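The values are calculated or read from the model by the stated rules, or taken from the named source; none is laboratory data. Everything numeric here is computed off the predicted structure, so don't read it as measured data. When we count neighbours, we look across all protein chains shown, and the Cβ atoms used for this are built from the backbone with ideal geometry, even at glycine.
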Amino acid sequence: MNAVVAAVLIMLVLSLCRIHVVVALIIGAISGGLVAGMSLDATINAFNSGLGGGATVALSYATLGAFAVAIGKSGLAHALADKALAMVGKQDEGGTTGPGHVHRSADRRVLQLPRGP
């Protein structure tokens, strides 16, 4: 996998998990350097030297952060969760799906695993 793509994906996932943007940036940069085959020292040095003239990059990361917030506010994450739950099993009229059924409430979803035989 391309190291830049890996770093951006890691930062996106961390941002969606509501990790602070600066922490996501640092973790993404370090993991991107390690994926590229750089040593930890070389990765940190490249990160530090890149901070000097990185206004364009900072603007790109700010845009990425705004994109992550937009995804969070749009309900796309909930739609994907609903789709994944639908793929696990559809509810019948009784409200259960058989071996593993889904109970839905207003605030959370819990997947119940089947009990023993």
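Given the options L25, L12, name the one that is under 22 Å from G65 (Cα atoms), out of contact with any strand residue (DSSP E or B) (no Cβ under 7 Å at 6 or more places or on another chain) and free of Cβ contacts under 8 Å to residues at least 40 places away in the same chain. Don't jump to the end; show me each part of the working.
Details: L12 fails: free of Cβ contacts under 8 Å to residues at least 40 places away in the same chain.
Only one candidate qualifies: L25.
A quick yes/no check of all residues on (1) over 21 Å from S74 (Cα atoms); (2) part of a loop (DSSP other than H, G, I, E, B); (3) at pLDDT 90 or above; (4) touching a helix residue (DSSP H, G or I) at 6+ places or on another chain (Cβ under 6 Å):
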position	(1), (2), (3), (4)
M1	yes, yes, no, no
S15	no, no, no, yes
R18	no, yes, no, no
I26	yes, no, no, no
A29	yes, no, no, yes
G37	yes, yes, yes, no
N45	yes, no, no, no
S49	yes, no, no, no
V57	yes, no, no, no
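For every residue, the table says whether it meets (1) exposed (fewer than 15 other Cβ atoms within 10 Å of the Cβ); (2) within 23 Å of the chain's Cα centre (by Cα).
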residue	(1), (2)
N2	yes, yes
I10	no, yes
V22	yes, yes
L25	no, yes
A29	no, yes
L40	yes, no
N48	yes, no
